[in-house]
Ligand SMILES: Nc1ncnc2c1ncn2[C@@H]1O[C@H](COP(=O)(O)OP(=O)(O)OP(=O)(O)O)[C@@H](O)[C@H]1O
Ligand SMILES: [Mg+2]
């Protein structure tokens, strides 16, 4: 009995692998991930060779890229290929120089809400999750100079910025600075270390100017104390990254776009 069951299961697995092999071939051809050579007997189509299949779950394919192909070529057409392999998306990673590991994702990783783990690791923030379920993590201390958050009305700019701010707020390597005429943004920061670098509302316009001048003075002091063999500031808790938020509001067709003075520190825009 056990022997026959095992044989049946093996036959089913073989049929599944055959179906995947055929679907891979057809999908690659349809998506243009192939080379086509015209011969006297008709066109010959070559697709990346399927060298291994693990039925899982999850189903994982190993393929050998064609000469001249890059992993990026495969990633670009992954969403065209996925449904033909019975998947919602493909997670493609490099395996050595010319092979790729392709994991078939059965569920859409962007379907649903992703929790924000707090506090974030110092110097790093979670920006979001990509369509292959990988976290997009950014190192603020090393990589970022300027960031712009842009999008149409109600596209999620504010919510994204709140997520960013809530991660940065607890980071000892960061001071959150900025002037917010609406008087709304800095309310949760009252009484904490960032508040000294924040101005709210329009009651005291001189306070906004004083803040911007203080930021420029701080930047100049950092530049003048920089060792001769460096062109960047070392970010430490004693000398934290100054993240400056500014809003660049612009509506289509407006003859005089509203624009507040720029500073030379890192900035994010959050309409
Ligand atoms: N990642 C997200 N997932 C699901 N819903 C979201 C997400 N981000 C924002 N939203 C929702 O979408 C709506 C618009 O978000 P938000 O206010 O951030 O947009 P906005 O781009 O700042 O809009 P405006 O241009 O009007 O300022 C809100 O109801 C918000 O809860
Ligand atoms: Mg908004």
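Coordinate-derived values only; no laboratory data. Source: prediction; values computed, not measured. Every residue, glycine among them, receives a Cβ derived from its backbone with ideal geometry; neighbour counts consider all protein chains shown.
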Subject >> Stretch gain in nm, segment residue 22-residue 226, where the contour uses 0.36 nm per residue and the Cα spacing is subtracted >> reply: 67.3 nm
Original post:
What residue among 221, 133, 87 has the largest mean-square fluctuation in a Gaussian network model of the chain, using Cα springs under 10 Å?
Top reply: 221
Subject >> Computed helical MRE - 222 nm, the chain, DSSP H runs ≥ 4 contributing -39500 (n - 2.57), nearest 500 >> reply: -9000 deg cm²/dmol
Original post:
By DSSP, what percent of the beta bridges with both residues in the chain are antiparallel, rounded to the nearest 5?
Top reply: 70
Subject >> Degrees between helix 205-224 axis and first principal axis of the chain (Cα, 0 to 90, nearest 10) >> reply: 70
Subject >> Ratio Rg/Rh [Cα only; Rh per Kirkwood] for the chain >> reply: 1.15
Original post:
What is the packing order of peptides 120-131, 157-168, 182-193, taking the mean over residues of other C-beta atoms within 10 Å and listing the highest first?
Top reply: 157-168, 120-131, 182-193
Subject >> For the chain: relative contact order, % (alpha-carbon pairs under 8 angstrom, 6 or more apart) >> reply: 12
Original post:
How long are the three semi-axes of the equivalent ellipsoid of the stretch 46-108, in whole Å, if each is the root of 5 times an eigenvalue of the C-alpha gyration tensor, listed from largest down?
Top reply: 18, 13, 10
Original post:
Helix 157-169 versus the longest principal axis of the chain: what angle, 0 to 90°, nearest 10, using Cα atoms?
Top reply: 70
**OP:** Once you have the Cα-Cα distance between residue 152 and residue 5, take 0.36 nm times their residue separation minus that, and quote the gain in nm to one decimal.
**Re:** 47.1 nm
Original post:
What fraction of the Cα pairs in the stretch 107-195, stated in percent, has a spacing above 20 angstrom?
Top reply: 42
**OP:** Output the peptides 11-22, 33-44, 233-244 sorted from most to least packed, where packing is the average of other Cβ atoms within 10 Å over each peptide's residues.
**Re:** 233-244, 11-22, 33-44
Original post:
Of the peptides 89-98, 203-212, how do they stack up when ordered by the mean number of other Cβ atoms within 10 Å, highest first?
Top reply: 89-98, 203-212
**OP:** Mind pulling the angle between the C-alpha long axis of helix 2-31 and the longest principal axis of the chain? Nearest 10 degrees, somewhere in 0 to 90.
**Re:** 60
**OP:** For the stretch 2-105, count the residues as N, evaluate 2.2 N^0.38 Å, and divide the Cα radius of gyration by that value, please.
**Re:** 1.17
Original post:
Contour minus end-to-end for residue 134 and residue 44, with contour as 0.36 nm per residue of separation and end-to-end as the Cα-Cα distance?
Top reply: 28.7 nm
